[in-house]
Amino acid sequence: MSWITNTLTSTLGRKLSMSLTGLFLVSFLIVHLSGNFLLYKGDGGEAFNLYSNFMSTNGLIRVLEIGLLLGFGIHIWTASILTRMNSAARPIGYAVQKTHEKVSWFSRNMGLSGSIVLFFLIVHLINFWFPYHYQEMPMVDIEGKPYKDMYGLVARIFHDEWWYSVLYLIALLLLGFHLQHGFASAFRTLGLDHKKYNSIIEGIGNIISIILPLGFATMPVYFWFFHTV
Amino acid sequence: MNTMNLTLKIWRQPNTAAKGELKTYSISGINDHMSFLEMMDVLNENLQKKGEDPVVFDHDCREGICGACSLVINGRPHGPQQTTTCQLHMRSFKDGDTIYIEPWRAKAFPVIKDLMVNRSAFDRIQHAGGYVSVNTGSAQDANAIPIGKEIADEAFNSATCIGCGACVAACKNASAMLFVSAKISQLAMLPQGQAERNRRAEGMVAQMDQEGFGACTNTGACEAECPKQISISNIARMNREYLGAKLSSNAV
Ligand code: HEM
Ligand code: SF4
Ligand code: FES
């Protein structure tokens, strides 16, 4: 084994992959959320449809999409290897186990929160990404040119499929739990630990674990209550 | 002084290969000034009088410095106080309590008998680099090598790890990272440890992985249960040491 594979397959190397891909996914969430706010522009979805078209045709974005796929792939793959290794490290459990009150529930259940987010992610892709790329979509005219009506699809799903909105909100809650621990944990994994900035990192982690899910959660709520299709 | 009667649920396992089980014992007249291990001694005397096999458990100094004593007591390593089991007193319990007593649970710590586990995995990790191998000769003048007070204190804190393994027992992943990081840190911070710094981090982490300990999820359970208050800052330092070593050492 070369030193590179040797490093990447060690426990610390796998944690490094978790941490780098995890932080990369956080940056993706921020971009994704900012773009989605175009839904609220009040222009009947014009800006959002142009944005969707740009995201699916621009060459640079397509390359980044491969990076995103890799990021998710490596994060999930490494999570499953680590989770298996970690449970193999204790083949016989305790009859009684009392977790210290300083240890957060979120930190002990990263696999659970991650898996629910993953389940949602698959449903999410089937609902939006797949039809946009591979199915016949209703078209709208914007300045004389036809565009796929992604805005209409979003509005229809959030308005008509109540189960989807419920799943969406649950997944967001779990994403918040995942990030509440994951964000600060990722920096520790990278070896960043100092009394000057530990509390700043934890603070940012707490903020994004609330702001990001809350931002996404406004969407089903908006289409449910305030928007008629 | 109070005396108390207790019900004990103790893990009994005749040898490494055997399948163990929890067995129930009643014990009466326990003085609340006794240490937990003294309570176990009383139990064993009773068992021996009855001609039964006494419960095997690890202990040595009985003053909180050697790291030999273990036991997961009511689901917490070393019991309800953040101390060693030999320093835990029966006043932490009440008359009528039921106390579960189990061994450290980890694949890398196989049970030898009952509550005694084999912790030689820790020794092998130490042998993989947890030392300074230069010939030190006779003791130097204390001030010959200047070391800042803060660094000296921090290195000393890391060096107080007694190798008990409570961190492994407490971790949901049975990870040994608190122990290993303390052993790497105590030398990485001092001038004497520099010569072998890279080799040490690479060697000890590789051995830790080979022993079958889990990875770190940064839950902080180890630090919360460590009887010597070793901080998880050591784990972050180990991550730096290891990555730095991997990127700069000559071991290809
Ligand atoms: C947008 C989605 C996601 C984001 C932003 C994200 C972010 C993160 C971050 C920042 C960490 C901390 C890394 C560390 O401790 O070094 C982490 C850890 C983890 N993630 Fe995710 N994650 C996401 C999705 C997932 C999915 C889909 C899964 C599962 C199947 C998953 C499973 C895990 C697990 C198990 C850990 C903990 C690993 C450990 O420390 O033992 N995550 N995640
Ligand atoms: S780090 Fe603490 S709990 Fe772990 S072996 Fe050292 S003294 Fe024991
Ligand atoms: S017997 Fe030595 S620390 Fe408990």
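The values are calculated or read from the model by the stated rules, or taken from the named source; none is laboratory data. All values derive from a computational prediction rather than experimental measurement. Glycine also receives a Cβ, built like all others from the backbone with ideal geometry; neighbour counts cover every protein chain displayed. What goes into the accessible areas is simple: the full protein's heavy atoms, side chains included, and nothing from ligands, DNA or RNA. Shrake-Rupley method; radii C 1.70, N 1.55, O 1.52, S 1.80 Å.
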Exercise for the section: Mind checking the per residue accessible area of chain B for me, 1.4 Å probe, whole number of Å²? Expected result: 44 Å²
Handout entry: Net charge, residue B:216 excluded, C-beta distance under 10 Å - Lys, Arg +1, Asp, Glu -1
Key = +2
Problem - Solvent-accessible area of residue B:59 with every protein chain in place, 1.4 Å probe, in Å² to the nearest 10 - result: 80 Å²
Handout entry: residue B:21 accessible area, 1.4 Å probe, all protein chains in place, Å² to nearest 10
Key = 100 Å²
Handout entry: Carbon plus sulfur fraction of accessible area for chain B, probe 1.4 Å, in percent
Key = 48 percent
Exercise for the section: Please find, in a Gaussian network model of chain B (springs between Cα atoms separated by less than 10 Å), the residue of B:231, B:26, B:158 whose mean-square fluctuation is greatest. Expected result: B:26
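For A:5, B:219, what's the largest-to-smallest order of accessible area, 1.4 Å probe?
A:5, B:219
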Problem - Degrees, to the nearest 10: A:59-88 long Cα axis against longest axis of chain A - result: 30 degrees
Practice task
Can you bin chain B into rounded, prolate or oblate? Criterion: square roots of the alpha carbon gyration tensor eigenvalues sorted a ≥ b ≥ c, rounded for a/c under 1.5, prolate for a/b above b/c, oblate for the rest.
Solution key: prolate
Exercise for the section: In a Gaussian network model over chain B where Cα atoms closer than 10 Å are linked, find which of B:194, B:186, B:82 has the largest mean-square fluctuation. Expected result: B:194
Exercise for the section: Compute the whole-percent fraction of alpha carbon pairs in the stretch A:1-123 spaced more than 21 Å apart. Expected result: 57 percent
Handout entry: Formal net charge of residues neighbouring residue B:170 (Cβ-Cβ distance under 14 Å; K, R +1; D, E -1)
Key = +4
Practice task
Run through every distinct alpha carbon pair of the stretch B:120-248 and return the Kirkwood hydrodynamic radius in angstroms, one decimal place.
Solution key: 15.0 Å
Handout entry: Value at 222 nm in deg cm²/dmol, rounded to 500, when DSSP H runs of n ≥ 4 in the protein assembly as shown each add -39,500 (n - 2.57)
Key = -16500 deg cm²/dmol
Handout entry: With at most 12 other Cβ atoms within 10 Å, longest stretch of chain B clear of loop trypsin sites (Lys or Arg not before Pro) (DSSP)
Key = B:95-252
Exercise for the section: Using only the Cα atoms of the protein assembly as shown, each taken as one equal point scatterer with no solvent, compute I(q) by the Debye sum, divide by I(0), and report log10 of the ratio at q = 0.09 Å⁻¹. Expected result: -0.74
Fill in the blank from the handout: Amide H proximity to residue B:22 below 5 Å, modelled H, separation 5+ or other chain, gives B:12
Handout entry: Heavy-atom accessible area ranking, 1.4 Å probe, most first, across B:85, A:218
Key = A:218, B:85
Problem - Residues along the stretch A:86-114 losing 40 Å² or more of accessible surface when the other protein chains are present rather than the chain by itself (probe 1.4 Å) - result: A:86, A:89, A:90, A:92, A:94, A:95, A:96, A:98, A:100, A:103, A:108
Practice task
Ratio to report: Rg/Rh of the stretch B:3-112, with Cα atoms as the point set and Rh obtained by the Kirkwood method; give two decimals.
Solution key: 0.94
Practice task
Just the number, please: buried accessible area between A and B, total of both chains, 1.4 angstrom probe, nearest 100 square angstrom.
Solution key: 3500 Å²
Exercise for the section: Using only Cα atoms, tell me the angle between helix A:110-124 and the longest principal axis of chain A; keep it within 0 to 90° and round to the nearest 10. Expected result: 20 degrees
Handout entry: Neighbouring partner chain Cβ atoms per residue of A:5-14, average, 10 Å criterion
Key = 6
